[in-house]
Amino acid sequence: MNGLFDDYNPGAYYCELTGKSGSPLDHTRTIQDWLNKIRPMTLRRRARDCERELYNLGITFTVYSEANAIDRVLPFDVIPRPIAAEEWKRLERGLVQRVTAINHFLHDIYGAGKILADGVVPEDLVKGNSNFRAEMIGVDIPHNTYVNICGVDLVRDKDGQFCVLEDNARTPSGVSYVIENRHLMQRAFPDLIAGIGIRPVSDYGIRLRDALADMAPAQVLDPQIVLMSPGAYNSAYFEHVFLAREMGVPLVEGRDMVIDNGLVYMKTTAGPRRVDVIYRRIDDDFIDPLAFNSNSMLGVPGIMDVYRRGRVTLVNAVGTGVADDKAVYAYMPRIIKYYLDEDAIIPNVETHICREKDALQFTLDHMADLVVKPVGESGGYGVVVGPRSSAAELENCRNLLLARPENFISQPMIDLSVCPTLVDAGIEPRHVDLRPFLVTGKNTWVMPGGLTRVALKKDSLIVNSSQGGGTKDTWVLA
Amino acid sequence: MHSLLARFAENGFWMAQYMERVENLARILDVNESFARDSAGEPAWLPIIQLYADDEHFFTHYREATAENVVQFYVINRTNPNSIVSSVWAARENARSLRHLISIEVWSQLNVFYKFVSGLRPRDLRLGELSHLCQELKEGCQLHTGIVEGTTFRDQGWTFYQLGKMIARADQTTRLLDMKYHRLLPNVADVGSPIDVSQWNALLRSVAGYHGYRRVRPSGMTPETVAEFILMNPEFPRSVVSCVRQIRHYHDRLNQDPNLAGVAFAPSGLDDLDNMLSVPIQQVTREGLHEYLDRIQINLQSLASAIAWSYFGGEADASAEGGSVSSTQSQG
């Protein structure tokens, strides 16, 4: 019988299952042997069952058009992405280090401003950043934890080295898929899972709830925690439902809450009830029409004022967006060094900060090989990918760079690692990334796993769900 | 959980109402199909349109109240807010808001059921298929009811769900009786004829009451005794009196809930319903059944409004979730 992997060839890329050599890594041998024994038809049938189950369980995101709501399933690939125990330990340390430094940084820039005074990070980069919220200056945050929920996007390069591509310190999403993917695999592949020690991910809700309770305002012993969603029409609504359910807390919207006498209340069947901690899945801009975007219908008028007085806690804190900005990202190794006196355990992708003279020159000299990214943006807008750009596009980019170098960073193209993925023709390599999640209250906990996103299109490096990306179950091995 | 968001109470209330309506509509269409077959060529489909006061809406879409048109209008027409597809959609939208409170099984079944209903095409509604289809629709609703019963946490949300369900069921029962009673009665010549009996028979079957009726009245069948059974038999689960007893039970539950201290809805409306339901059936028919049923419907409606005022923070208007789908049925 032919094995599924007979024709599998990851080429020059690092493969999550077969490494660089083409033969299984020690920790993936059991998985590959098992996959090699299963009949392709059986694998396909189970994959189809998974897809149907996702729909039936409503693990979907909703696309709304004028007259209809169409529920779509985020494509799921059944071949898992394993991570060795030792490797995970190192990643875990690196992730905790990173979020610790980010919280120090936020506390500093909204407080004493030492890192700016010492010239480690340019002041205008921070205070001139569109995500810097002057409203947060001098506000006390419990445990100085600004970023309670953090998702860090990691990629593995050609040599198998993990590095950080991006920090997500605002409202990172995707954790519900991590847990649901695992449940799905447990139902569809009990025979595979039985032989392998995989660290569980299902206590995320409990950890999150504990961290949120840590964040209660002073003197509140039994805090009323709520999860605040923009509503059922938000594309991440499933995740909001999921998390509210896991934590056993009400899933509220702005319209369910009012401010009275300096406190936040939610409207219940028994009248108003005080709210103490709000895990809000809504951007800073929309949280309070009196403080920020005055057109916002999603927020609660006056909530910023209550928050600033410490009588309700918003999670994540307002103003954390400045820490995951691309410009600040570039300084992260220096930020870690500054606060913790340690070298970054997980390196950044090599980044050239164009406001620095040598970096600008390097970028201009190697533009055709580099990715040039504007800072202060998110979602990949305005990014120029050198190797895939025309001469005219490069020329245009050069002019922008020369006019406002401080608006740009540049990075080399990264050859993302691949993972075997079930496609029409059998099993083929597809590029993947990894988003682990960290939860911080008094302390930081790293969920053993993370969202593995996979670019389902051949050769594509874009793993975003909006552009043909799917997900895989991530197995951190015990 | 100690407190329930007002919006969720409302969502539960409406989710139950929509699903109850779907079940009743499926029952009505099913039994009507039998009527149409029995009564030689009689255009039996118009009364359904009148039952829901949909004349105007229907005739802007269709020229004639043929079986085909009426069935399409009530099963798959999305412009009709009373259609099965619209109601299941609205139930599901309410469920969507409640997803973190309801069980995954409830959501999953509703999801699959909606997928089934929204996939129905005209060819699935052919008269020969109708009985089978109605059976499937009914079973979809019963599956929902069963899963809710077996998996729902018995908190306030459950109470509001049950209140919505019982109010809708009582309302539907009065409407069904009203429609059939008037369609069946006028033909004095037919009273006691085989056609007449088979029609009362079908009416009882449509509410799953035939066997119960037979246990109470082993022989004979008159319009009055059928009406009495459907309205006032306390053992029959779809009778108005059964629903009102359930409503009182859940009303008391709310009033006794320590988390709801200080909030209550007045039981005077329930007392009125009890009084009406203890009037002898002979007196009811003498004074006019139609007016009587109307008064019951109005009472149920004000009960729903009282619940909305006390617990939802305003008028019950079905806008909870489900957007423009309005409750034309309960306003009729």
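The values are calculated or read from the model by the stated rules, or taken from the named source; none is laboratory data. Just so it is clear, the structure is predicted and the values come from calculations on it, not from any experiment. When we count neighbours, we look across all protein chains shown, and the Cβ atoms used for this are built from the backbone with ideal geometry, even at glycine.
Looking for whichever is more than 30 Å from residue A:332 (Cβ to Cβ) and either assigned to a helix (DSSP H, G or I) or polar (S, T, N, Q) (or both) here; the options are A:93, A:72, A:48. Which one fits?
A:48
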Of the candidates A:174, A:128, the one satisfying the condition of being free of Cβ contacts under 8 Å to residues at least 60 places away in the same chain and either more than 16 Å from residue A:312 (Cα to Cα) or touching a strand residue (DSSP E or B) at 6+ places or on another chain (Cβ under 9 Å) (or both) is A:128
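Are any of the residues in the stretch A:187-203 closer than 27 Å to residue A:101 by Cβ and either part of a helix (DSSP H, G or I) or within 14 Å of another protein chain (Cβ to nearest Cβ) (or both)?
To start, the set of residues in the stretch A:187-203 that are closer than 27 Å to residue A:101 by Cβ comprises A:199, A:201, A:203.
Applying the additional criterion that residues be either part of a helix (DSSP H, G or I) or within 14 Å of another protein chain (Cβ to nearest Cβ) (or both) yields none.
Looking through the stretch A:187-203, none of the residues is closer than 27 Å to residue A:101 by Cβ and either part of a helix (DSSP H, G or I) or within 14 Å of another protein chain (Cβ to nearest Cβ) (or both).
Among the candidates A:429, A:448, which residue alone is in contact (Cβ under 8 Å) with a residue 40 or more places away in the chain, in contact with a helix residue (DSSP H, G or I) (Cβ under 8 Å, 6 or more places away or on another chain) and either over 25 Å from residue A:100 (Cα atoms) or surrounded by 15 or more Cβ atoms within 10 Å (Cβ to Cβ) (or both)?
Details: A:429 fails: in contact with a helix residue (DSSP H, G or I) (Cβ under 8 Å, 6 or more places away or on another chain).
Result of the check over A:429, A:448: A:448.
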Scan of the stretch A:72-126 for residues that are β-branched (Val, Ile, Thr), more than 30 Å from residue A:191 (Cβ to Cβ) and more than 21 Å from the chain's Cα centre (by Cα), ordered by number
A:109, A:115, A:120, A:121, A:126
From B:35, B:13, B:58, B:8, which residue is buried (at least 16 other Cβ atoms within 10 Å of the Cβ), more than 14 Å from chain A (Cβ to nearest Cβ), part of a helix (DSSP H, G or I) and at pLDDT 90 or above?
B:58
Scanning the stretch A:213-243 for residues that are farther than 20 Å from residue A:57 by Cβ and among the charged types (D, E, K, R), which turns out nearest to the other protein chains (Cβ to nearest Cβ)?
A:222
Between A:71, A:33, A:26, A:7, which is within 24 Å of residue B:107 (Cα to Cα) and not aromatic (Phe, Trp, Tyr)?
A:71
Before we move on, is residue A:249 out of contact with any helix residue (DSSP H, G or I) (no Cβ under 6 Å at 6 or more places or on another chain), of a type in the set (A, V, I, L, M, F, W, C) and either over 15 Å from residue A:61 (Cβ atoms) or crowded, with 18+ Cβ neighbours inside 10 Å (or both)?
yes
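If you take the residues of the stretch A:452-478 that are within 18 Å of residue A:157 (Cβ to Cβ) and among the β-branched types (Val, Ile, Thr), which of them is modelled with the lowest pLDDT?
First, the residues of the stretch A:452-478 that are within 18 Å of residue A:157 (Cβ to Cβ): A:452-455, A:459-463.
Cutting the leftovers down to among the β-branched types (Val, Ile, Thr) gives us A:452, A:454, A:462-463.
Values: A:452: 97, A:454: 96, A:462: 78, A:463: 81.
Only one residue fits best here, namely A:462.
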What are the residues in the stretch A:215-233 that are under 24 Å from the mean Cα position of the chain (by Cα) and surrounded by fewer than 19 Cβ atoms within 10 Å (Cβ to Cβ), if any?
A:231, A:233
Matching entry among A:125, A:154 (being over 21 Å from residue A:311 (Cα atoms), surrounded by 17 or more Cβ atoms within 10 Å (Cβ to Cβ) and at pLDDT below 95)
A:125
Answer yes or no: is there a residue in the stretch B:251-258 that is within 14 Å of chain A (Cβ to nearest Cβ), out of contact with any Leu (no Cβ under 8 Å at 6 or more places or on another chain) and at pLDDT 90 or above.
yes
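Go through the stretch B:263-332 and tell me which helices (runs of 4 or more DSSP H), entirely inside it, have 2 or more residues that are modelled with pLDDT of 90 or more.
Details: elements: B:268-277, B:281-287, B:289-307, B:328-331.
Filter on the stretch B:263-332 gives B:268-277, B:281-287, B:289-307.
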Reported set for the stretch B:66-93 where residues are part of a loop (DSSP other than H, G, I, E, B) and at pLDDT 90 or above is B:76, B:77, B:78, B:79, B:80, B:81, B:82, B:83
Mind checking which pairs have a first residue in the stretch A:142-163 that is more than 18 Å from residue A:93 (Cα to Cα) and a second that is modelled with pLDDT under 95 and acidic (Asp, Glu), Cβ under 6 Å, 6 or more apart or different chains?
A:158/A:415
Residue within the stretch A:52-74 that is loosely packed, with under 14 Cβ neighbours inside 10 Å and aromatic (Phe, Trp, Tyr) present
yes
Yes or no: the stretch A:267-286 includes at least one residue that is out of contact with any strand residue (DSSP E or B) (no Cβ under 6 Å at 6 or more places or on another chain), part of a strand (DSSP E or B), within 8 Å of chain B (Cβ to nearest Cβ) and surrounded by fewer than 18 Cβ atoms within 10 Å (Cβ to Cβ).
yes
How many residues does the stretch B:92-110 hold that are facing chain A (nearest Cβ under 8 Å) and surrounded by fewer than 19 Cβ atoms within 10 Å (Cβ to Cβ)?
2
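Sort out for me the helices (runs of 4 or more DSSP H) sitting completely within the stretch A:300-378 that have 3 or more residues that are more than 23 Å from residue A:404 (Cβ to Cβ) and touching a residue at least 40 places away in the same chain (Cβ under 8 Å).
Details: elements: A:303-308, A:326-330, A:332-340, A:357-365.
Of the helices (runs of 4 or more DSSP H) lying wholly inside the stretch A:300-378, those with at least 3 residues that are more than 23 Å from residue A:404 (Cβ to Cβ) and touching a residue at least 40 places away in the same chain (Cβ under 8 Å) span A:303-308, A:332-340.
If the requirement is being at pLDDT 95 or above, of a type outside the set (Lys, Arg), under 28 Å from residue A:229 (Cα atoms) and touching a His at 6+ places or on another chain (Cβ under 8 Å), which of these qualifies: B:106, B:148? Show your work before the answer.
Numbers: B:148 fails: touching a His at 6+ places or on another chain (Cβ under 8 Å).
On inspection, the qualifying residue turns out to be B:106.
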Would you tally the residues in the stretch A:252-266 being within 14 Å of chain B (Cβ to nearest Cβ) and touching a helix residue (DSSP H, G or I) at 6+ places or on another chain (Cβ under 7 Å)?
3
In the stretch A:101-115, is there at least one residue being over 24 Å from residue A:471 (Cβ atoms), free of Cβ contacts under 8 Å to residues at least 24 places away in the same chain and not in a helix (DSSP H, G or I)?
yes
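If you check B:63, B:121, B:21, which single one turns out to be buried (at least 21 other Cβ atoms within 10 Å of the Cβ), of a type in the set (Lys, Arg), more than 14 Å from every other protein chain (Cβ to nearest Cβ) and farther than 30 Å from residue A:236 by Cα?
Step by step, each of B:63, B:121, B:21 is checked, and only B:21 is buried (at least 21 other Cβ atoms within 10 Å of the Cβ), of a type in the set (Lys, Arg), more than 14 Å from every other protein chain (Cβ to nearest Cβ) and farther than 30 Å from residue A:236 by Cα.
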